[in-house]
Amino acid sequence: MGLKPVTVSQLNSYIKRILQTDPILGNVSVRGEVSNLKFHGSGHVYFSLKDEKSRINCF
């Protein structure tokens with residue numbers, strides 16, 4: 001039996017609840033190097049935040 005798909009709103013609410021209630025993630029600061037910085041015509045900014053071992057895509 002496969003997993004039941006969730007809506008975008010359900011997933012967003014779940015992630016928000018986790019971030020707000022987790023003692024570490026609820027108040028986190030992240031240090032890293034900005035890379036792949038791109039300014040989109042719509043005004044959005046896209047980039048990656050990385051260190052020597054990992055990368056987080058921010059878009």
Select, from Arg17, Arg31, the only residue that is of a type in the set (Lys, Arg) and exposed (fewer than 10 other Cβ atoms within 10 Å of the Cβ).
Arg31
Quickly run through the range 37-59 and pick out the residues that are under 16 Å from the mean Cα position of the chain (by Cα), surrounded by 10 or more Cβ atoms within 10 Å (Cβ to Cβ) and not aliphatic (A, V, I, L, M).
Tyr46, Phe47, Ser48, Lys50, Asp51, Arg55, Asn57, Cys58, Phe59
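Every number here is computed from the coordinates shown, using simple stated rules; none is lab data. None of the values given here were measured: they were computed from a predicted structure. Cβ coordinates were reconstructed from backbone atoms using ideal geometry, including for glycine residues, and neighbour counts include every protein chain displayed.
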